[in-house]
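The values are calculated or read from the model by the stated rules, or taken from the named source; none is laboratory data. Nothing here was measured: the structure is a model prediction, and the numbers come from that model. Note: ideal-geometry Cβ built from the backbone for every residue, glycine included; neighbour counts use all protein chains shown. Calculation scope for accessible area: heavy atoms of the full protein, side chains included, ligands and nucleic acids excluded. Shrake-Rupley method; radii C 1.70, N 1.55, O 1.52, S 1.80 Å.
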Amino acid sequence: MNGHEVEVRVRYGETDQMGVVYHGSYVPYFEIGRVEWLRNKGVSYKLLEESGVALPIVSMHLNYKKPARYDDLLTIVTKLKHYSGVKIEFDCEIRNENQELLTTAHFILVFVDTKSGKPIVPPGYILEILKEVI
């Protein structure tokens with residue numbers, strides 16, 4: 001299964017004076033989605049980093065369609081779009097309880113050796129997961 005969903009409730013501190021989710025709050029929501037996508041595939045991001053592999057974002061594109069509001073229950077949908085060599089790409093979206101599409105995003109991340117800071121091919125167990133999903 002390629003896609004994964006996780007729910008998150010909008011907290012007060014993530015909103016502006018009008019109770020609308022601040023645009024910068026969406027990036028952490030999408031991070032929750034990616035981390036939980038990995039966890040759902042049996043990969044702990046914490047253990048990945050402890051093994052010397054990081055996965056920084058090198059490109060992101062967000063498209064805001066409708067606002068999320070304080071106390072909304074959001075569903076974050078994360079799907080692996082593409083993998084090649086050292087890069088991995090995700091398409092993501094956020095929907096509200098009425099299944100209205102609020103925000104879409106596309107992320108490109110690169111597997112990096114934490115000591116050298118240089119891009120690397122992911123560990124074998126991650127390659128196996130990616131092969132199953134793609």
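Measuring with a 1.4 angstrom probe and ignoring ligands and nucleic acids, Arg95 comes out at about 60 Å² accessible. Pairs exceeding 20 Å between alpha-carbon atoms, taken from Lys87/Lys131; Lys79/Lys131; Lys46/Lys131; Lys41/Lys87; Lys87/Lys115; Lys41/Lys66: Lys46/Lys131; Lys41/Lys66. The accessible area of Lys79, taken with all protein chains in place and a 1.4 Å probe, comes to roughly 110 Å².
Per-residue Karplus couplings for region 114-120, computed as 6.51 cos²θ - 1.76 cosθ + 1.60 with θ equal to phi - 60°, are listed in order as 5, 7, 8, x, 9, x, 9 Hz, Gly and Pro entered as x.
Within the full protein context, the accessible area of Val86 is estimated at about 40 Å² for a probe radius of 1.4 Å.
The mean of 1/r over all pairs of different alpha-carbon atoms in the chain, once inverted, gives a Kirkwood hydrodynamic radius of 15.6 Å. When the charge dipole of region 69-134 is built from unit charges on Cβ atoms (+1 for Lys and Arg, -1 for Asp and Glu) and taken about the Cα centre, the candidate among Val86, Leu130, Thr103 whose Cα reaches farthest toward its positive end is Val86.
Dipole magnitude for the chain: about 300 debye, using +1 per Lys or Arg Cβ and -1 per Asp or Glu Cβ, origin at the Cα centre.
Across the chain, C-alpha contacts under 8 Å between residues 6 or more apart give a mean separation that, scaled by the residue count, equals a relative contact order of 28 percent.
How big is the dipole moment of region 12-60 about its Cα centre under a simple scheme where the beta carbon of each Lys and Arg is +1, that of each Asp and Glu is -1, and everything else is neutral? Debye, nearest 20, please.
With only Lys, Arg, Asp and Glu charged at Cβ, the dipole is about 220 debye.
Summarising the label geometry, the points placed 7 Å from Cα in the beta-carbon direction at Lys66 and Val27 lie 2.6 nm from one another.
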